[in-house]
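Enquirer: Below you'll find the structure I mean.
The values are calculated or read from the model by the stated rules, or taken from the named source; none is laboratory data. The structure presented is a predicted model; accordingly, all values stated were derived computationally and were not measured. Backbone-built Cβ (ideal geometry, glycine too); neighbour counts: all protein chains shown.
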Amino acid sequence: MRTTSSREVYRNPWTRVREDVVEYPDGTTSVYGVVERPDFALVIPAERDGFWLVEQFRHPIGRRSWEFIQGTWSAGADGSPEELARAELAEETGLRAGSLEHLGRLDLAPGLMTQRFDVWLATELTPGPTAREASEADMRTAFVTESELRARIRDGRFTDAPSLAAYGLLRLAG
């Protein structure tokens, strides 16, 4: 498959959407809508046989969602993936990690978008102040045991796909 043309159809400070015309080996063509977003960090803060979670309102799904910590750099900010993970952890929970282990890098939705994310396990946690953005003002933080997290997954109270994928990487890491 090869791209024969591409054009931007939408842009805002966080998202770019383009339309690609592609040609398949047999000569037929098709159109792909591609969403471009910056990569992000997802952090699993773990201690005492459990995890710290955040809950916030997610406009696209119209409800609150429990998740592991995740985010990307604000416009104009930049740094390494590890620096981003540490910044997001501190910003959303106030926690600082004495140890941060990279568990993997995943594609968010490869049939639709370019966005990827790095998964980090944060341990040796110490508390500090949060620095939440305005859009995170209603964010809540809670500690759950691993058995409580599994119960939330089973009964549909923990449905964030990147968080579930990250939990899978954590279980594979042992």
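Enquirer: Of all residues being modelled with pLDDT of 95 or more and among the hydrophobic types (A, V, I, L, M, F, W, C) in the stretch 118-142, which is nearest to Ala161 (Cα to Cα)? Just the residue, please.
Expert: Val119
Enquirer: Identify all residues within the stretch 1-16 that are among the hydrophobic types (A, V, I, L, M, F, W, C) and over 23 Å from Ala77 (Cβ atoms); write none if there are none.
Expert: Met1, Val9
Enquirer: Considering only residues that are surrounded by fewer than 16 Cβ atoms within 10 Å (Cβ to Cβ), in contact (Cβ under 8 Å) with a residue 60 or more places away in the chain and among the polar types (S, T, N, Q), look in the stretch 142-169 and name the one that is nearest to Arg86 (Cα to Cα).
Expert: Once the filter is applied, the top-ranked residue is Thr145.
Enquirer: When you go through (1) touching a strand residue (DSSP E or B) at 6+ places or on another chain (Cβ under 8 Å); (2) of a type in the set (Lys, Arg); (3) within 19 Å of Ala173 (Cβ to Cβ) one by one for Arg150, which number turns out not to apply?
Expert: It is condition (1) that Arg150 fails.
Enquirer: What about Val43, is it in contact (Cβ under 8 Å) with a residue 40 or more places away in the chain, over 17 Å from the mean Cα position of the chain (by Cα) and part of a strand (DSSP E or B)?
Expert: no
Enquirer: Among all residue pairs at least 6 apart or on different chains, which show Cβ distances below 8 Å where the first residue, located in the stretch 58-80, is in contact (Cβ under 8 Å) with a residue 24 or more places away in the chain and the second is surrounded by fewer than 10 Cβ atoms within 10 Å (Cβ to Cβ)?
Expert: Ala75/Pro13
Enquirer: Let me ask something else about it. Could you tell me how many of the residues in the stretch 103-129 are under 16 Å from Pro45 (Cα atoms) and loosely packed, with under 15 Cβ neighbours inside 10 Å?
Expert: Qualifying residue count, the stretch 103-129: 6.
Enquirer: Looking at (1) touching a helix residue (DSSP H, G or I) at 6+ places or on another chain (Cβ under 7 Å); (2) under 22 Å from Glu88 (Cβ atoms), which one does Ile61 not meet, given that it meets all the others?
Expert: (1)
Enquirer: So, one more: Out of the residues in the stretch 21-40 that are assigned to a strand (DSSP E or B) and free of Cβ contacts under 8 Å to residues at least 24 places away in the same chain, state the one that is nearest to Leu100 (Cα to Cα).
Expert: Tyr32
Enquirer: Let me ask you something else. For the stretch 1-55, how many residues meet the condition of being over 28 Å from Thr141 (Cβ atoms) and among the aliphatic types (A, V, I, L, M)?
Expert: 8
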